[in-house]
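First comes the structure, then the notes that go with it.
Quick note: the coordinates plus some simple rules give every number you see, no bench work behind them. Given the structure is predicted, the values throughout are model-derived calculations rather than measurements. Virtual Cβ from ideal backbone geometry, glycine too; neighbours counted across all protein chains shown.
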Amino acid sequence: MSNEVNYGSIIKNGIFGENPVFRLALSLCPAVAVTSGVKNGFLMGVAVFFVMIMVNATVSLLRKFINPKVRIPSYMFIIATWVTVTDLVMAAYARDVYKQMGLYIMLIVAFAIVLSRAEMFASKNKLLPAIVDGAAMGMGFLLALVLLGIFRELLGKGSLWGYQILGSKPLLIMILPTGGFFAMGLMMGWLNWIDRKFFGGTGGGGGAH
Amino acid sequence: MYEELSNVLIQILSQALSIFTHKLIPLVGVGGSVETLEKVPWEYVVFGLVVLAALGVVFGVALAIVAARFVVKTDPKVDLVRDVLPGANCGACGFAGCMGYAENVVANPEVAVNLCAPGKAAVAEKIAEITGKKAEKVDPKIARVFCQGGASLSQRKFIYTGVQDCAAAVLAAGGDKSCEYGCLGYATCMRACPFDAITMSADNLPIINADKCTACGKCVSACPKQVIELALMSKAVVISCHSRDKGGDTKKKCQVGCIACGICVRTCPVDAIKVENNIARIDHAKCIVCGLCVKKCPTSAIHDYHTARPKAIIDPAKCAGIDACAKVCPMNAISGELGTAHRVDQSKCIGCGMCAARCPKKAIDMVESVNAGSSHAASEKVGETVGV
Amino acid sequence: MWEHVLTIFIASALINNFVFSRYLGLCIFFGVTKKMETSIGMSFTFTAVMLIGAALNWVIYEYVMIPFHLGFLKIVIFIGVVAAFVQAADTIMKKVTPALYYKLGIYLALIVTNCIILAVPLINAEEHYSLFESMALALGSGLGFSLALIIMASIREKLELADVPKSFQGLPISFVLTGLIALAFLGFSGMITL
């Protein structure tokens with residue numbers, strides 16, 4: 001590995017190239033669940049952002065001390081610890097939002113994206129690149145959630161972050177679980193289309209999973 | 001009127017939403033269950049550490065015991081064999097993937113080493129080396145298409161404009177071909193072949209590339225009409241039809257279908273053909289691939305897959321003039337006096353091989369003719385050697 | 001008491017279906033439903049692991065965590081228990097029933113990161129369910145998930161033949177399909193007045 005770590009490319013990779021939600025299609029469970037409102041989506045994104053940074057930092061610091069044979073259980077232990085911390089902090093300081101999505105915060109521990117980033121990147125790199133990568137992935141996740149949240153809340157309730165913008169509720173169904181799936185599918189399809197048309201990518205076309 | 005309709009719709013959706021948010025969501029989001037405390041409860045921290053350590057020890061010991069007691073000894077030969085196999089996981093060997101075959105061939109003394117169809121003889125030899133078994137000679141197989149009725153030679157019942165796939169077309173009243181046993185031509189087999197051995201001809205029939213085909217059997221299971229079968233590559237004469245319709249019906253539906261007239265049965269010198277259920281079939285165990293039936297079939301339903309038939313050439317040095325060959329030649333292509341070297345008329349010889357099988361002196365060779373069209377040149381050559 | 005158990009069972013299987021109403025277990029859902037045989041294999045494995053995992057976790061929660069006030073360690077301990085159990089099951093199956101292992105063993109590794117395997121013990125802990133109620137929730141979630149998998153697999157197999165626009169092929173169109181099925185499942189909401 002070269003000594004020159006290209007931070008710019010790490011950041012771009014996290015947000016666009018390998019956006020966890022739309023590109024890698026990992027950790028979809030919460031993306032559809034919590035985005036019934038922008039506020040919920042934003043707070044979930046912040047929680048994931050925090051967890052990813054801390055987990056990557058911890059794994060990077062401890063990478064020389066963890067025996068490769070037990071690395072997966074160790075990573076899961078580290079992730080579970082940080083998720084518990086986030087969970088309790090949120091329960092204390094954002095009680096009303098937490099009541100609606102407490103379960104999904106706790107399920108951050110089952111995210112494939114956190115575990116795979118820890119294994120693929122943080123365990124092989126120094127502290128600062130690992131933190132930047134965690135931040136970039138977390139930021140990608142946050143942006144994806146906020147985008148979905150805006151789409152769903154604007155169409156479903158006519159409001160943004162609780163502030164009423166439109167007079168009526170155009171498509172009430174967007175707030176229900178059905179709307180969540182529709183929004184996710186449509187967003188992925190549109191982003192694939194944009195990727196194909198303007199960036200010459202190869203999004204879509206036969207099963208990303 | 002539209003206003004009322006939209007009002008009703010909005011009402012229904014709002015009710016659904018209220019049920020959802022007031023009754024269901026509280027079951028979705030479960031938060032907390034931890035009470036807030038005044039100061040850090042150090043005894044809980046100690047409990048936590050002790051319990052976690054204890055659980056870790058218990059799990060670790062349990063897993064270690066399980067791993068030790070339930071150990072599965074893997075023979076290193078299995079990995080060696082697995083590396084030698086092509087890894088396509090096609091299942092032609094009859095086992096579950098390449099790993100399945102590797103394990104069975106090492107563990108079970110009765111499993112043959114030459115079952116890997118894509119691997120052919122080279123892989124069979126390597127497996128024989130590793131396992132210490134003997135490699136028997138592999139008789140390669142190939143997929144054969146039992147239908148010659150392309151778009152120009154057969155009738156269609158209706159015009160089909162659905163999904164261009166045989167599996168989909170067969171859902172529409174059994175496909176658009178008049179003959180219900182024939183190939184529909186929408187290339188499902190071509191897409192199923194993992195080795196790219198199938199291409200579609202201009203007449204919408206599959207053509208199997210003999211070099212690429214490994215007889216893995218994927219096209220056989222992909223074809224919804226079961227038109228493709230696996231057969232030995234050496235038996236190159238095939239009756240390319242599955243039609244069980246009566247002769248008259250078959251003739252109406254397809255120009256090259258088998259009408260079960262029985263001419264081939266009478267022609268065959270070794271009685272290898274039988275007619276059953278309005279279809280003739282060759283018994284490949286008896287067939288000597290002489291090719292006589294190909295010429296006699298009135299609807300040209302029998303196909304000879306030889307690119308060029310071999311020709312019989314008599315070695316005058318070995319020939320003792322016994323004349324046995326001339327008696328068995330169905331085309332009367334051998335001439336010669338008793339006691340003198342005989343010769344084969346190359347323009348009449350169809351390469352059936354009966355003379356070569358009959359000659360007690362083994363004086364006749366079946367030679368693959370390089371240029372199939374110029375039998376004249378070959379006969380001139382024979383004339384030269386005889387004239388010595 | 002049995003009424004409550006039955007209510008929980010039906011609610012978790014149909015009304016609050018874990019896939020269509022609670023959006024859990026989606027990664028595996030989309031990955032496995034491309035073919036019918038993998039879906040069926042996954043449903044069996046999942047229900048089996050769910051039942052045993054939920055039982056183990058309930059025992060540890062009731063008899064170890066509550067007496068020692070270790071509620072805050074839920075996540076760590078539940079995941080640890082499931083991971084250890086799946087590892088043991090993997091080793092034992094390989095030796096005792098190798099045929100079953102070759103068919104279903106690959107799914108075991110996937111299940112550990114399945115959201116539902118963690119969600120069910122968490123819900124059991126929150127609501128302080130008794131053993132029977134926990135088992136009802138586990139069984140209901142297993143059946144609901146199996147139902148979701150089979151429905152989706154049968155549609156997706158036919159989807160192969162359809163003419164989907166290039167940008168939508170694969171995951172996007174599957175999401176839209178799931179939305180339609182979720183809409184149908186919404187019809188169950190009036191079944192039990194909670």
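Key figures
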quantity: Pairs beyond 23 Å (Cα-Cα), from C:Lys34/C:Lys74; B:Lys295/B:Lys327; B:Lys296/B:Lys318; calculated: C:Lys34/C:Lys74; B:Lys296/B:Lys318
quantity: Cross-link partners of B:Lys157 among lysines (Cα-Cα below 24 Å; sequence separation of 8 or more within a chain); calculated: B:Lys177, B:Lys225, B:Lys246, B:Lys251, B:Lys252, B:Lys253
quantity: Choice from C:Phe68, C:Phe44, C:Phe29 with maximal GNM fluctuation in chain C (Cα, 10 Å cutoff); calculated: C:Phe68
quantity: Most fluctuating residue given options A:Ala118, A:Ala144, A:Ala110, as computed from a GNM of chain A linking Cα atoms under 10 Å; calculated: A:Ala110
quantity: Axial C-alpha extent at least 27 Å, average Kyte-Doolittle at least 0.0 - helices from chain C (DSSP); calculated: C:36-60, C:74-96, C:131-159
quantity: Prolate/oblate/rounded call for chain B, Cα gyration tensor, a/c under 1.5 rounded; calculated: oblate
quantity: For the protein assembly as shown, diffusion coefficient by Stokes-Einstein and Kirkwood Rh (Cα), 10 °C, 1.306 mPa s, µm²/s; calculated: 50
quantity: Peptide C:9-15, shielding by other chains (average Cβ, 10 Å cutoff); calculated: 1
quantity: Helix-only [θ]222 nm of chain C, DSSP H runs n ≥ 4, -39500 (n - 2.57) each, per residue, nearest 500; calculated: -23500 deg cm²/dmol
quantity: Shape call, chain C: gyration tensor on alpha carbons, a/c limit 1.5; calculated: oblate
quantity: In nm, spacing of pseudo-spin labels at B:Lys212 and B:Lys286 (7 Å Cα→C-beta vector); calculated: 3.7
quantity: Reachable aspartates and glutamates from B:Lys348, criterion Cα separation under 20 angstrom, eight or more residues apart if same chain; calculated: B:Asp304, B:Asp315, B:Asp323, B:Glu337, B:Asp365, B:Glu368, B:Glu380, B:Glu384
quantity: Nitroxide proxy distance, nm - points 7 Å out along Cα→Cβ at C:Glu62 and B:Leu49; calculated: 3.1
quantity: Angle between chain A longest axis and helix A:95-106 axis [Cα atoms, degrees, rounded to 10]; calculated: 50
quantity: Three-way shape call for chain A based on the alpha-carbon gyration tensor, with the a/c threshold at 1.5; calculated: oblate
quantity: Spatially proximal lysines relative to B:Lys133 (Cα-Cα < 26 Å; intrachain offsets below 8 disregarded); calculated: B:Lys73, B:Lys77, B:Lys120, B:Lys141
quantity: With Cα atoms, 0 to 90° folded angle of helix B:42-69 axis to chain B main axis; calculated: 20
quantity: With Cα atoms, 0 to 90° folded angle of helix A:71-93 axis to chain A main axis; calculated: 50
quantity: For chain C, built as a Gaussian network whose Cα springs stay under 10 Å, the top-fluctuating residue of C:Gly53, C:Gly144, C:Gly179; calculated: C:Gly179
quantity: For the protein assembly as shown, size of Cβ-based charge dipole, Lys and Arg +1, Asp and Glu -1, in debye; calculated: 1760
quantity: Calculated FRET value between B:Ala67 and B:Ala122, using beta carbons and R₀ = 51 Å, to 0.05; calculated: 0.85
